[in-house]
Amino acid sequence: MFTFEDEITDTLQDIRDAGLYKSERQLTTPQSAHIATTTTTALNFCANNYLGLADNPDIEAAAAEALREWGFGMASVRFICGTQTLHARLEAKIAEFVGREDAILFSSCFDANGGVFEVLFGENDAIISDELNHASLIDGIRLTRARRYRYRNADMGDLRVRLTDARTAGAQRVVVVTDGVFSMDGSYAPLRQICDLAEEFGAMVLVDDSHAVGFVGDHGRGTPELSGVGDRVDLLTGTLGKALGGASGGYVAGPKAVVDLLRQRSRPYLFSNAVAPAVCAGSLKALELASTSDEGRAALRRNTELFRSLMTEAGFDLLPGTHPITAVMFPGDDGARRAAQMAEAMLAEGVYVIAFSFPVVPTGKARIRVQLSAAHSEDDVRACAAAFVAARATVG
Ligand SMILES: *Cc1c(COP(=O)(O)O)cnc(C)c1O
């Protein structure tokens with residue numbers, strides 16, 4: 001007779017057999033452009049550390065000071081006794097940065113996306129979601145009783161069909177939901193066209209800007225700034241766990257009344273502990289740095305442009321674009337194997353990148369996803385491109 005644990009062991013074996021088992025490399029250093037693990041040292045090209053703030057000394061100092069001044073933990077949800085003036089300041093700063101009336105802080109953007117839809121959309125409403133949206137949006141939408149529609153990635157013809165379907169079905173509130181940046185491709189959602197269509201159909205727009213906030217757009221305000229649609233996006237969600245220091249925390253930003261209602265009813269907000277004071281203070285400093293200086297964004301842009309041009313010159317097949325997520329494609333039947341072998345050979349060259357294949361990306365579209373950072377020097381970027389060339393010679 002099989003025990004529960006035997007069955008679980010079988011499931012794990014299935015995962016291994018499918019080549020999908022994820023082992024965690026343990027870092028022995030802070031997160032940075034140059035890292036060490038228990039087995040090697042490497043240039044890191046797979047963190048979401050876009051502005052290089054994860055080990056920024058000013059942020060570390062702000063967090064250390066807050067640790068002494070405000071204590072280690074809150075031991076309370078926000079509405080009981082877990083709100084310090086620090087939390088309110090961080091929320092005001094997030095709202096200001098992304099140009100919204102108000103913002104509400106969650107433990108993560110996963111929680112923000114998990115808690116925003118159920119409060120705002122019910123059985124008479126419709127949610128229309130891009131097929132490539134982040135798992136947390138998908139889960140958050142599944143928690144609602146709203147009618148759900150999915151449109152093909154960034155396909156405006158298909159979005160129009162779904163909007164028409166929702167209106168024909170008599171939906172009251174209708175919302176179009178999209179990632180600002182699609183994380184496997186580094187492509188931007190066509191926000192101007194999405195806003196045009198939404199307005200035509202009297203629908204709202206919600207954008208998850210996790211892979212954009214802090215560095216996309218001239219002032220880092222994200223994809224609405226980049227697309228010139230500023231106020232036309234009704235609701236924004238995003239993370240503090242990527243460009244903005246990379247610790248933890250997520251938010252929903254939008255009209256004051258919406259934020260107030262989320263404080264009353266959003267379950268991950270009501271029933272989960274407040275963000276630690278040191279994280280709040282560090283994130284406040286990250287937002288201050290991102291709003292007062294263009295240096296990080298300029299370095300990130302230079303590195304991204306340099307990497308994309310070096311790789312194109314070397315004959316690699318890149319998905320076109322300008323985002324620091326750069327997908328180096330290995331198409332075809334044995335693409336998954338080649339991408340994996342390349343990533344392994346590159347680690348031997350001292351460059352850490354990750355290969356993605358089915359089911360994370362479509363079959364035949366295996367890739368290595370390179371993520372540039374402001375923390376990389378020009379030499380680091382050149383070393384990464386050189387490692388691709390060397391690995392290609394090894395792998396063939
Ligand atoms: C990373 C990411 C999240 C999750 O953010 P956390 O704060 O780490 O939970 C949500 N949505 C998108 C689009 C992301 O890229």
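Things worth noting here:
- Alpha carbon centroid spacing (whole Å) that separates region 79-149 from region 49-71: 25
- Sorted peptide list for 172-182, 218-228, criterion being average Cβ within 10 angstrom, highest first: 172-182, 218-228
- Of 189, 243, 383, the one that fluctuates the most in a GNM where the chain has Cα springs shorter than 10 Å: 383
- Candidates 91, 349, 199, ranked by Gaussian network fluctuation over the chain, Cα under 10 Å, top entry: 199
- Residues in region 38-45 carry Karplus couplings, in order, of 5, 10, 7, 10, 7, 7, 9, 10 Hz; the curve used is 6.51 cos²θ - 1.76 cosθ + 1.60 with θ = phi - 60°, and Gly or Pro positions show x.
- Karplus-derived HN-Hα couplings along region 340-355 (A = 6.51, B = -1.76, C = 1.60, θ = phi - 60°), whole Hz, x at Gly and Pro: 5, 5, 4, 4, 5, 4, 5, 5, 5, 7, x, 10, 9, 9, 10, 8
- The reciprocal of the average 1/r between distinct C-alpha atoms defines the Kirkwood hydrodynamic radius, which for region 57-291 equals 17.8 Å.
- Table column - 3J(HN,Hα) (Hz), region 143-158, Karplus curve with 6.51, -1.76, 1.60, x for Gly and Pro: 6, 9, 9, 5, 6, 10, 10, 10, 10, 5, 3, 6, 8, 6, x, 5
- Computed FRET value (nearest 0.05) for residue 8 with residue 378, which takes r as the C-beta separation and R₀ as 30 Å: 0.05
- Total lysine pairs in the chain at Cα distances under 28 Å, for residues eight or more apart or on different chains: 9.
- Mean residue ellipticity at 222 nm, helices only, the chain: -13500 deg cm²/dmol; runs of at least 4 DSSP H residues each add -39,500 (n - 2.57), and the sum is divided by the number of residues.
- Top of 14, 125, 102 by mean-square fluctuation, Gaussian network on the chain, Cα under 10 Å: 14
- Across every pair of non-identical alpha carbons in the chain, the mean reciprocal distance, once inverted, gives a Kirkwood radius of 22.2 Å.
- For residue 220, the amide hydrogen comes within under 5 Å of no other amide hydrogen, counting only partners 5 or more places away or on other chains and with H modelled in the peptide plane.
Only the coordinates and a few stated rules stand behind these numbers; no lab work does. Note that the structure is a prediction, hence the values are computed from the model and not measured. For neighbour counting, all protein chains shown are included, and Cβ atoms are generated from backbone atoms with ideal geometry for every residue, glycine included.
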